[in-house]
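Written out below as structure tokens is the structure these notes cover.
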Amino acid sequence: MEILHVGAECYPAAKVGGLADVIGSLPKYQNNAGNNVSVAIPCYQTAFRLENNFECIHSGKLKLGHFNFPYSVLKETSDKLGFELYLIEIPELFDRSNIYNYRDDTERFLSFQIAVLDWICGLNVMPDIIHCHDHHTGLIPFMKKYCPKYEKLKDIPTIITIHNGIYQGIFTFNKLYYLPEFDLINIKELEWNNCINSLVAAVKCVDEITTVSTSYLNEINYSANGLETLFQRVKHKSRGILNGIDLDVWDPNSDPMLEKNYSVNTINEGKQKNKEKLCSLFNMNPAKPLFSFIGRLYDEKGADLLPKVISSVLTAYKDEINFLILGYGDIEIENQLKQLLEVYKGNYHVHIGYDEELAHKTYAGSDFILIPSRIEPCGLNQMYAMRYGTVPIVRRTGGLKDIITDFEDNGNGICHDQASVEDICDAIHRAVGLYLDKEAYGQIRIKGMNTDHSWEHVSQEYIELYNLIIAKRHEN
């Protein structure tokens with residue numbers, strides 16, 4: 001089967017969050033299963049682009065309303081990712097180091113989608129299915145279905161995976177002319193609340209919708225940033241498929257970023273060595289339990305609660321526990337976390353920014369990972385943590401709810417119900433008690449390391465879904 005994934009991120013070429021990890025690993029496992037899988041993302045000015053070799057396999061001009069932009073399709077030549085990676089180079093729009101948060105993001109990602117479709121139209125071998133990811137690719141199913149320019153692509157099935165429905169790619173109708181010509185009778189497929197909504201267009205036009213966990217699929221029926229009624233209407237073509245993790249990248253037994261590699265049989269010594277190294281980087285005592293947070297510092301992740309949680313817990317426990325925060329995001333949250341540095345010196349550190357190597361070291365060296373998310377469609381942190389023998393402390397929502405059960409119910413982590421300072425502090429208090437019970441704590445760590453969250457089963461579930469979609473197309 002010829003499968004094309006299209007998204008805004010793909011690890012290690014470009015990463016902001018879990019979307020990159022999914023698009024950087026699912027295709028590899030699908031490829032290993034005997035399919036021909038490729039990935040197309042924009043060409044950003046990242047270190048990966050500068051440090052690797054690419055060949056230009058196609059070039060042309062795309063039309064964005066009244067504007068014309070040259071574009072090129074660059075293929076990574078080493079195939080070291082386990083699938084074919086294509087970067088869509090549009091110099092005037094994507095020759096920047098950051099992935100998001102530019103004033104012209106609408107123009108950037110719409111031009112990317114047009115370039116992808118223009119390129120596919122000229123291929124000798126067409127994809128059997130186009131797998132879109134999040135709103136940045138949400139207009140591809142609409143344009144393929146309704147724009148005469150892409151008539152030859154209309155029979156290719158499409159699927160959209162919603163990694164986070166909060167972000168929807170909304171823009172006003174004064175930019176409608178950016179899209180290739182189509183019959184305005186179909187304009188209703190783009191519209192939601194008097195705006196063009198890229199995610200809505202995808203949901204209406206694709207053959208199948210997936211979310212990255214079953215619980216998140218249920219949650220968006222009553223909490224979806226205004227799209228609840230739409231998701232209720234498309235239940236018949238929606239399903240939740242839980243993400244996996246790449247066990248080649250996330251393996252404490254072979255991870256080159258760790259101080260000492262370890263397996264489930266050598267967890268005590270391995271974790272201790274990594275904890276000692278991690279604590280030495282930030283002048284903390286490795287004899288104390290270490291609680292860490294890794295992720296974007298935004299309200300949806302519960303990061304706004306962290307300053308009060310840290311102050312409350314470190315005041316209550318005085319010199320008995322340590323906190324480490326690794327992340328970036330909201331400036332106000334960043335500043336609040338930095339202000340705690342002098343107050344709790346020796347028991348607390350915050351690293352603003354994202355560092356892949358430090359993240360691996362933190363998973364390996366921590367005792368507990370805090371994941372107090374208000375919204376977590378799937379979450380990969382809890383899977384990484386368990387893989388490295390670190391106990392997750394999670395709020396029961398989305399994929400966290402599907403994966404983690406409380407240790408008091410013979411589970412694999414620590415759970416709380418509310419995204420509140422009180423609930424998180426109570427969970428930390430229970431974690432300290434668990435930490436002191438070495439036998440129970442050790443059993444939970446081993447249980448986590450023995451859990452299989454690989455992509456192998458998940459990738460096959462997607463293949464079966466693709467085959468089902470293609471079969472339905474042929475029936476019609």
Fill in the blank from the handout: Those residues of segment 126-168 which are charged (D, E, K, R) and farther than 21 Å from Leu227 by Cβ amount to Asp128, Lys144, Lys149, Glu151, Lys152, Lys154, Asp155
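Residues to consider are Arg395, Arg445, Arg387; find the one that is under 22 Å from the mean Cα position of the chain (by Cα), surrounded by 19 or more Cβ atoms within 10 Å (Cβ to Cβ), charged (D, E, K, R) and more than 23 Å from Lys308 (Cα to Cα).
Residue meeting the stated conditions: Arg387.
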Problem - When residues of segment 16-51 are limited to those that are among the small types (Gly, Ala, Ser) and under 24 Å from Tyr167 (Cβ atoms), the one farthest from the chain's Cα centre (by Cα) - result: Ala40
Fill in the blank from the handout: Reported set for segment 175-199 where residues are among the aliphatic types (A, V, I, L, M) and free of Cβ contacts under 8 Å to residues at least 60 places away in the same chain is Leu176, Leu184, Ile185, Ile187, Leu190, Ile196
Exercise for the section: Mind checking which strands (runs of 3 or more DSSP E) fall wholly inside segment 52-107 and carry at least 2 residues that are closer than 29 Å to Gln30 by Cβ and more than 23 Å from the chain's Cα centre (by Cα)? Expected result: 54-64, 67-76
Practice task
From (1) within 21 Å of Phe109 (Cα to Cα); (2) touching a residue at least 60 places away in the same chain (Cβ under 8 Å); (3) in a helix (DSSP H, G or I), pick out the condition that doesn't hold for Phe48.
Solution key: (2)
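Yes/no per residue for (1) in the same structural domain as Asp367 (by TED's automatic domain parsing); (2) surrounded by fewer than 23 Cβ atoms within 10 Å (Cβ to Cβ); (3) in a loop (DSSP other than H, G, I, E, B):
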{"position": "Ala287", "(1), (2), (3)": "yes, yes, yes"}
{"position": "Ser292", "(1), (2), (3)": "yes, no, no"}
{"position": "Gly295", "(1), (2), (3)": "yes, no, no"}
{"position": "Val309", "(1), (2), (3)": "yes, no, no"}
{"position": "Tyr328", "(1), (2), (3)": "yes, yes, no"}
{"position": "Glu334", "(1), (2), (3)": "yes, yes, no"}
Handout entry: Positions within segment 253-275 being in contact (Cβ under 8 Å) with a residue 40 or more places away in the chain and under 24 Å from Asp319 (Cα atoms), in sequence order
Key = Asn268, Lys271, Asn274, Lys275
Problem - Residue within segment 151-172 that is under 16 Å from Leu199 (Cβ atoms) and part of a helix (DSSP H, G or I) present - result: no
Exercise for the section: Among what's in segment 193-245 and is part of a strand (DSSP E or B) and of a type outside the set (S, T, N, Q), pick the residue that is nearest to Thr161 (Cα to Cα). Expected result: Ile209
Practice task
Determine whether Ala13 is in contact (Cβ under 8 Å) with a residue 60 or more places away in the chain, closer than 23 Å to Ser97 by Cα and in contact with a helix residue (DSSP H, G or I) (Cβ under 7 Å, 6 or more places away or on another chain).
Solution key: yes
Problem - Pro392, sole failed condition from (1) under 18 Å from Asn274 (Cα atoms); (2) touching a residue at least 60 places away in the same chain (Cβ under 8 Å) - result: (2)
Handout entry: First in segment 107-123 and over 16 Å from Thr158 (Cα atoms) and assigned by TED's automatic domain parsing to the domain that holds Ala40, second anywhere and of a type in the set (Val, Ile, Thr) and modelled with pLDDT of 95 or more, Cβ under 7 Å, 6 or more apart
Key = Ser111/Ile90; Phe112/Ile88; Phe112/Ile90; Ala115/Ile88; Ala115/Ile90; Trp119/Val73
Practice task
Tell me the helices (runs of 4 or more DSSP H) entirely within segment 358-476 that contain at least 1 residues that are in contact with a Pro (Cβ under 6 Å, 6 or more places away or on another chain) and not β-branched (Val, Ile, Thr).
Solution key: 381-387, 398-403, 421-436, 455-475
Problem - Every pair of residues 6+ apart whose Cβ atoms lie under 7 Å, when the first sits in segment 153-174 and is over 23 Å from Asp104 (Cα atoms) while the second is of a type in the set (Ser, Thr, Tyr) - result: Ile159/Thr210; Thr161/Thr210
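On the given criteria, is Val212 within 17 Å of the chain's Cα centre (by Cα) and closer than 15 Å to Gly398 by Cβ?
Answer is yes for this residue.
Just need a number here: residues in segment 398-411 that are within 27 Å of Lys273 (Cα to Cα) and surrounded by fewer than 23 Cβ atoms within 10 Å (Cβ to Cβ).
Looking only at that region, the number is 2.
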Handout entry: Count - residues of segment 297-307 that are in a helix (DSSP H, G or I) and either in contact with a Ser or Thr (Cβ under 6 Å, 6 or more places away or on another chain) or outside the structural domain of Val343 (by TED's automatic domain parsing) (or both)
Key = 1
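The values are calculated or read from the model by the stated rules, or taken from the named source; none is laboratory data. What you see is a predicted model, and the numbers here were worked out from it, not measured in a lab. In this analysis, Cβ positions are derived from the backbone assuming ideal geometry, glycine residues included, and neighbour counts consider all displayed protein chains.
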